[in-house]
Amino acid sequence: MSKMTYLTMALLILFAMMVLSGCVWGFSKQSPNDYADATPIFDAKTTLKGDYLSEGIIYDYTGKVVSTFKARMSGDFDESGGKLREHFIYASGREDHREWTLKFNGDGTFTATAPDLVGEGVGVQSGNTLQMKYKLKLNEDAGGHVLTVTDWMYLTDEGTIINRSQMKKFGVKVAELVAVFKHRKINENSVFNTSNLEAAE
């Protein structure tokens, strides 16, 4: 075989190993059962209720930071489910809004829908974590691709939520997001005041 053939084979093997490592040992392979005994307990109907402010970072598939954002998350729930509204402002100035509808099943699992989801998302609450998996359709100006997303939220002793999400296409990671959410009473002078959020609905 030629040197070019050997090089091509070596690159293919390296790529396959990278994909395999992401599939077998990657972050999305952790299980809700891994955190069943961890505290404080993440109970979506109370933990996600009220107003949170957030800051976050988005990485591309190489691990390079490609964007930062700030966000507001506002939840209103009862025993059966409720709404979770999100308002994002990115470093570029672009804004996004999403309204989730969550339905609790009574056994720690739930379903979730939103206008930019394909089908339903499914979630599990376990210990101090919440995991959710869903398919997200990007805006047309972002390519209109459908990505498979795995979200993990971890509740700390101080009530802070740490969120890590991975986005994949054809099983290969294309982006990752890390954000920190803290409970805040929204100031009326804030860019995230309630009237702004309601006007976007």
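Things worth noting here:
- Test: residue in region 182-200 that is within 17 Å of Thr47 (Cβ to Cβ) and modelled with pLDDT of 95 or more: no
- Within region 78-96, the residues that satisfy the criterion of being surrounded by fewer than 17 Cβ atoms within 10 Å (Cβ to Cβ) and in a strand (DSSP E or B) are Lys83, Ile89, Tyr90, Glu95, Asp96.
- Scanning region 59-76 for residues that are surrounded by 19 or more Cβ atoms within 10 Å (Cβ to Cβ) and either more than 20 Å from Asp116 (Cα to Cα) or of a type in the set (Val, Ile, Thr) (or both) gives no hits.
- Which listed residue, of Met132, Met73, is over 22 Å from Ser31 (Cβ atoms) and either in a strand (DSSP E or B) or of a type in the set (A, V, I, L, M) (or both): Met73
- The residue that is surrounded by the most Cβ atoms within 10 Å (Cβ to Cβ), counting only those in region 41-58 that are under 13 Å from Ile162 (Cβ atoms) and not acidic (Asp, Glu), is Tyr52.
Okay, residues lined up against (1) modelled with pLDDT of 95 or more; (2) of a type outside the set (Gly, Ala, Ser); (3) in the same structural domain as Val174 (by TED's automatic domain parsing); (4) touching a Lys or Arg at 6+ places or on another chain (Cβ under 6 Å):
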| position | (1), (2), (3), (4) |
| --- | --- |
| Ile57 | yes, yes, yes, no |
| Val65 | yes, yes, yes, no |
| Thr68 | yes, yes, yes, no |
| Gly75 | yes, no, yes, yes |
| Glu79 | no, yes, yes, no |
| Arg85 | yes, yes, yes, no |
| Glu95 | no, yes, yes, no |
| Met132 | yes, yes, yes, no |
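- Subset tally (residues that are closer than 18 Å to Val122 by Cα and without any contact (Cβ under 8 Å) to a residue 12 or more places away in the chain) for region 46-101: 0
- Checking each residue in region 54-74 for being among the basic types (Lys, Arg) and over 21 Å from Met153 (Cβ atoms) picks out only Lys64.
- Members of region 24-71 that are of a type in the set (Lys, Arg) and closer than 17 Å to Asp151 by Cβ: Lys29
- Filtered residues of region 151-163 (kept if more than 22 Å from Thr113 (Cβ to Cβ) and either in contact (Cβ under 8 Å) with a residue 40 or more places away in the chain or not hydrophobic (A, V, I, L, M, F, W, C) (or both)): Tyr154, Leu155, Thr156, Asp157, Glu158, Gly159, Thr160
Residues are listed down the side, and each one gets a yes or a no for (1) without any contact (Cβ under 8 Å) to a residue 40 or more places away in the chain; (2) part of a loop (DSSP other than H, G, I, E, B):
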residue	(1), (2)
Thr111	yes, no
Gly119	yes, yes
Gln125	no, no
Val149	yes, no
Gln166	no, no
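The values are calculated or read from the model by the stated rules, or taken from the named source; none is laboratory data. These numbers come from a predicted model, not from an experiment. Ideal geometry is used to build each Cβ from the backbone, glycine not excepted, and the neighbour counts take in all protein chains shown.
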